[in-house]
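Comments concern the structure below.
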Amino acid sequence: MTETEEKVNQARELIESASHVVVLTGAGISSESGVPTFRGQEGLWQNFRPEELATPEAFWKDPKLVWEWYDWRRNAVKDAKPNPGHYALAELENNLENLTLITQNIDGLHQMAGSSNVTEMHGNLWQIRCTKCGDIEQNFEVPLGELPPRCKKCGEIGRPNVVWFGEMIEMSLIDSVLKAIEECQVMLIIGTSGVVEPAASMGLVAKQANKPVIEINLDETPSAGLYDIVIREKSGEILPLLFTSNRTLS
Ligand code: OAD
Ligand code: ZN
């Protein structure tokens, strides 16, 4: 048996004996769907880093530039289809008493794969929120016409309905995630570089609560040393092996 097969088996056993699993996903789970990640070579957009554009300051300084970036991201995601990793998690939701699926992604691919209960920590790319009246519009237009887009109700500038650096994630959302980690029997962390808070600390919270943590990520991450099972493979290849029976690694 290869080392990966052994780890997959261990991870499967943990998951099979659990009634409540918490899953945290990041951009890596969507990369096999062709959605660019943030960090790493293909993750860059015209030499800007997300930290330079995904802030309220950047938006108010140059709303058009920030919207151009989101327009580019909407275009990059518009034809993306969920991959076997997303589908495996959707299937897990059906086969498990309790699955808490938390994503930092704003691409909507978990929902498209059939996951019905998704906690979107960083918002959603397909929603535009008015900066004045707060109205939220679902909008799938690509590319968007006029940038920045205007609110259909009051005419003010709209912004992406996402969480930017320097903005707070709703406390009730954080509370529910912490509660789920406390109650679960195992946590999976998939395709996230583990450098953006508060998501980055969720694995540590789980370890402090003595929960086994499984990480699936192509590259090294800062907290991997603390986790119980670390699988350095593509999530689209590993996740289907974890949750479906009768499958072996080729
Ligand atoms: P990153 O782009 O920082 O990290 C993606 C991780 O996925 C990297 O560690 C890759 O090695 C790994 N990866 C890539 N392809 C993979 C695959 N097929 N299978 C498994 N792993 C793979 O993305 P996030 O950690 O999600 O926030 O980024 C966190 C936040 O930073 C984002 O939500 C966004 C960004 O700035 C905001 O915009 C607020
Ligand atoms: Zn408005």
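The values are calculated or read from the model by the stated rules, or taken from the named source; none is laboratory data. Here the structure is a predicted model, which is why all the values come from computation and not from measurement. Positions of Cβ are backbone-derived with ideal geometry, glycine not excepted, and every protein chain shown enters the neighbour counts. Surface areas here come from the heavy atoms of the whole protein model, side chains and all, with no ligands, DNA or RNA. Shrake-Rupley method; radii C 1.70, N 1.55, O 1.52, S 1.80 Å.
Here are a few things to note about the model shown:
- Residue 172 meets the conditions (1) among the hydroxyl-bearing types (Ser, Thr, Tyr); (2) touching a residue at least 12 places away in the same chain (Cβ under 8 Å); (3) more than 27 Å from residue 12 (Cβ to Cβ) in every case but one. The failed one is (2).
The rows are residues; the columns are (1) touching a strand residue (DSSP E or B) at 6+ places or on another chain (Cβ under 8 Å); (2) modelled with pLDDT of 95 or more; (3) of a type in the set (Gly, Ala, Ser); (4) not in a helix (DSSP H, G or I).
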| site | (1), (2), (3), (4) |
| --- | --- |
| 38 | no, no, no, yes |
| 42 | no, no, no, no |
| 52 | no, no, no, no |
| 58 | no, yes, yes, no |
| 69 | yes, no, no, no |
| 89 | yes, yes, no, no |
| 100 | yes, yes, no, yes |
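- Residue within segment 144-160 that is closer than 24 Å to residue 71 by Cβ and within 19 Å of the chain's Cα centre (by Cα) present: yes
- For segment 118-134, taking the residues that are more than 18 Å from residue 189 (Cβ to Cβ) and touching a helix residue (DSSP H, G or I) at 6+ places or on another chain (Cβ under 8 Å), the one that is least open to solvent (accessible area, probe 1.4 Å) is identified as 125.
- Checking residue 93 against (1) under 29 Å from residue 181 (Cβ atoms); (2) in a helix (DSSP H, G or I); (3) in contact (Cβ under 8 Å) with a residue 40 or more places away in the chain, the condition it does not meet: (3)
- Residue match in segment 222-235 (condition: among the hydrophobic types (A, V, I, L, M, F, W, C) and in a loop (DSSP other than H, G, I, E, B)): no
- The number of residues in segment 215-234 that are open to solvent by less than 60 Å² (accessible area, probe 1.4 Å) and either not aliphatic (A, V, I, L, M) or not assigned by TED's automatic domain parsing to the domain that holds residue 7 (or both) comes to 5.
- Across segment 139-174, the number of residues qualifying as more than 16 Å from ligand 1 (Cβ to nearest atom) and on the phi > 0 side of the Ramachandran plot comes to 1.
- Taken together, 167, 120 contain a single residue that is free of Cβ contacts under 8 Å to residues at least 40 places away in the same chain and within 22 Å of residue 24 (Cα to Cα), which is 120.
- Residue tally, condition touching a residue at least 24 places away in the same chain (Cβ under 8 Å), within 16 Å of ligand 1 (Cβ to nearest atom) and not in a helix (DSSP H, G or I), over segment 175-207: 11
- Enumeration of residues in segment 118-152 that are of a type in the set (Gly, Ala, Ser) and assigned to a loop (DSSP other than H, G, I, E, B): 134, 145
- All positions within segment 194-214 that are crowded, with 17+ Cβ neighbours inside 10 Å, out of contact with any helix residue (DSSP H, G or I) (no Cβ under 6 Å at 6 or more places or on another chain) and over 27 Å from residue 166 (Cβ atoms): 211
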